[in-house]
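First the structure, in the form of structure tokens, and then the observations on it.
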Amino acid sequence: MSPFTYRGGELHCGPVSLRDIAAEAGTPVYVYSASAILERFLAYERAFADAPHLVCYAVKANGNLAVLKLLADAGAGFDIVSGGELFRVLKAGGDPSKVVFSGVGKTADEMALALRHGIHSFNCESLPELELLSQVASSLGSRARVAIRVNPDVDAATHPYISTGLRQHKFGIDIDQVERTYHKARLLPALLVEGVSCHIGSQILDTTPIEEAAAILLTLVEKLRAQGFAINALDLGGGLGVPYQAGQQRPEISAFAGALRRLASGAGLTLMVEPGRSIVAEAGVLLTRVLYRKSGAAKEFVIVDAGMNDLIRPALYQAHHEILPVAEAPAAILADIVGPVCETGDFLAHARSLPDLHPGDLLAVATAGAYAFAQASNYNSRPRPAEVLVEENSFRIVRRRETYDDLIRGETVGCAVR
């Protein structure tokens with residue numbers, strides 16, 4: 001059930017009025033429901049129950065410190081793809097022994113940072129990366145626990161920009177080459193090669209491709225064990241989608257986890273998953289205020305104060321987000337919702353049925369808790385919006401709105417060259 005519902009004709013997050021949030025925090029502003037985030041994380045925990053497992057929240061989906069602390073306090077692990085994400089997790093009180101470091105382009109400095117903090121393991125994606133990790137671990141007198149990310153050549157049936165499991169993608173090592181890579185990795189002195197991993201894509205609504213990939217990896221585990229590898233972990237990545245529009249069906253976490261448990265039954269493996277979107281997406285909205293109505297020759301425009309720098313998903317992925325009026329009212333116009341950024345691609349939605357909106361009215365862009373603020377920018381020198389977390393009967397600003405001074409922090413009009 002969505003945490004955003006109408007009460008007395010006004011949209012609320014739980015018991016808290018979105019109009020009240022906008023009055024205090026201004027717009028545009030991201031609003032997140034703490035209870036909805038926790039409920040989705042705990043759904044994963046309940047689904048895996050007594051099976052050995054580790055649920056690592058994908059920090060790239062939403063890295064706000066308050067969100068990370070909420071999940072850390074609930075016992076979550078974390079999937080990171082940069083040293084900066086590790087820094088965030090540590091600042092939020094996350095347990096480094098539950099951190100998995102993924103990504104194709106880890107630097108030596110990032111590897112060293114992770115090793116010094118004793119993270120759980122690295123998901124490695126190439127032989128050169130494995131060689132560098134071994135060198136860095138050796139220099140620190142450490143050993144790195146490693147899973148090799150396999151590219152199983154399975155089509156995730158999602159948007160091409162967020163599909164990662166086919167041969168033409170940059171991620172992982174081809175299934176036909178991976179056994180040779182395991183044998184070379186075993187010879188590297190500072191690595192403990194203990195896992196097999198994959199991640200085939202994001203916003204997956206039919207989990208069949210993930211289950212197909214899991215079956216391929218379990219066969220690989222059997223082969224590797226027969227060759228003397230002590231494989232004890234299977235990491236299936238993340239990818240579960242959410243319904244961005246009416247008619248889409250949400251994959252059931254319990255059914256997904258149950259399928260993985262059945263596939264891996266008796267294999268003696270710790271099952272690892274790295275959900276992000278399915279935990280936070282539906283827990284967030286972007287609140288924006290109408291600036292102008294404009295009637296063009298071909299269509300009607302509603303110009304709002306949130307732009308593509310605040311939410312780039314519609315422009316980048318042609319993504320659909322439902323647009324809800326904060327004051328409940330029947331549809332009266334058909335319009336494009338566009339922002340103030342100087343780009344034709346600056347839109348939040350095309351041809352939407354909306355109430356008869358006027359300047360000052362508030363709209364909520366739904367399902368905006370994942371890959372939304374995380375991808376925000378200062379394009380057009382626009383300060384990034386505030387973020388708010390609703391907890392029980394109250395809310396707090398967990399990221400202040402940027403100022404113009406923030407825009408130029410670190411810049412200078414000139415400096416001497418030595």
Practice item. Keeping to the stretch 326-350, report how many residues are surrounded by 20 or more Cβ atoms within 10 Å (Cβ to Cβ) and more than 25 Å from SER377 (Cβ to Cβ). Key: 2
Point to revise | In the stretch 54-99, residue nearest to ASN232 (Cα to Cα) [restricted to those that are surrounded by 24 or more Cβ atoms within 10 Å (Cβ to Cβ) and of a type in the set (Phe, Trp, Tyr)] | key: PHE78
Check your understanding: Name the residues in the stretch 1-54 that are under 24 Å from the mean Cα position of the chain (by Cα) and part of a loop (DSSP other than H, G, I, E, B), would you?
Key -> MET1, SER2, PRO3, GLY14, THR27, PRO28, ALA49, PRO52
Point to revise | Candidate set: the stretch 10-31, residues that are free of Cβ contacts under 8 Å to residues at least 12 places away in the same chain and touching a strand residue (DSSP E or B) at 6+ places or on another chain (Cβ under 7 Å); chosen: the one nearest to TYR371 (Cα to Cα) | key: HIS12
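Say whether the condition of being in contact with a Lys or Arg (Cβ under 7 Å, 6 or more places away or on another chain) and in a strand (DSSP E or B) is met by at least one residue in the stretch 98-110. Write out each step before concluding.
Pass one, the stretch 98-110, residues in contact with a Lys or Arg (Cβ under 7 Å, 6 or more places away or on another chain): 104.
Checking the rest, the ones that are also in a strand (DSSP E or B) come to none.
Looking for residues that are in contact with a Lys or Arg (Cβ under 7 Å, 6 or more places away or on another chain) and in a strand (DSSP E or B), one finds none in the stretch 98-110, hence no.
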Practice item. Select, from GLN227, GLN245, GLN249, the only residue that is over 19 Å from VAL196 (Cα atoms), among the polar types (S, T, N, Q), free of Cβ contacts under 8 Å to residues at least 60 places away in the same chain and surrounded by fewer than 18 Cβ atoms within 10 Å (Cβ to Cβ). Key: GLN249
Practice item. Output yes when any residue across the stretch 36-56 is closer than 30 Å to PRO330 by Cβ and either touching a Lys or Arg at 6+ places or on another chain (Cβ under 9 Å) or not basic (Lys, Arg) (or both), and no when none is. Key: yes
Check your understanding: If THR288 passes every condition in (1) of a type in the set (S, T, N, Q); (2) assigned by TED's automatic domain parsing to the domain that holds GLU387; (3) within 26 Å of ASP79 (Cβ to Cβ) but one, which one does it miss?
Key -> (3)
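Rundown of residues vs (1) of a type in the set (Val, Ile, Thr); (2) free of Cβ contacts under 8 Å to residues at least 12 places away in the same chain; (3) closer than 29 Å to ARG401 by Cβ, yes/no style:
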site	(1), (2), (3)
GLY239	no, no, no
LEU263	no, no, no
LEU269	no, no, no
SER295	no, yes, no
VAL302	yes, no, yes
LEU316	no, no, yes
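Please pick out the residue among GLU179, GLU212 that is at pLDDT below 90 and either under 22 Å from LEU269 (Cα atoms) or more than 21 Å from the chain's Cα centre (by Cα) (or both). Spell out the reasoning first.
On the way: GLU179 fails: at pLDDT below 90.
On inspection, the qualifying residue turns out to be GLU212.
With the structure loaded, tell me whether ILE80 is modelled with pLDDT of 95 or more and closer than 30 Å to ILE397 by Cα or whether it fails that test.
yes
What are the residues in the stretch 236-260 that are in a loop (DSSP other than H, G, I, E, B) and of a type in the set (Phe, Trp, Tyr), if any? First the steps, then the outcome.
As a first pass, look at the stretch 236-260 and keep what is in a loop (DSSP other than H, G, I, E, B): 236-239, 241-252.
Hit for the stretch 236-260 is TYR244, nothing else.
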Check your understanding: When the stretch 362-374 is examined, which residues are found to be out of contact with any strand residue (DSSP E or B) (no Cβ under 8 Å at 6 or more places or on another chain) and closer than 20 Å to ALA25 by Cβ?
Key -> ALA374
Practice item. Run ASP109 past the list (1) surrounded by 16 or more Cβ atoms within 10 Å (Cβ to Cβ); (2) free of Cβ contacts under 8 Å to residues at least 40 places away in the same chain; (3) in the same structural domain as GLN177 (by TED's automatic domain parsing) and report the number of the one that doesn't hold. Key: (1)
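Are there strands (runs of 3 or more DSSP E) fully within the stretch 261-331 with at least 2 residues that are of a type in the set (D, E, K, R)? List them. Break it down stepwise before answering.
Working: elements: 270-273, 284-295, 300-304, 323-325.
Hits in the stretch 261-331: 284-295.
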Review point. For ASP310, are the conditions met, namely being touching a residue at least 24 places away in the same chain (Cβ under 8 Å), farther than 27 Å from PRO3 by Cα and surrounded by 15 or more Cβ atoms within 10 Å (Cβ to Cβ)?
Key: no
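The values are calculated or read from the model by the stated rules, or taken from the named source; none is laboratory data. Quick caveat: nothing in here was measured; it's all calculated off a predicted structure. So basically every Cβ, Gly included, is an ideal-geometry build from the backbone, and we count neighbours across all protein chains shown.
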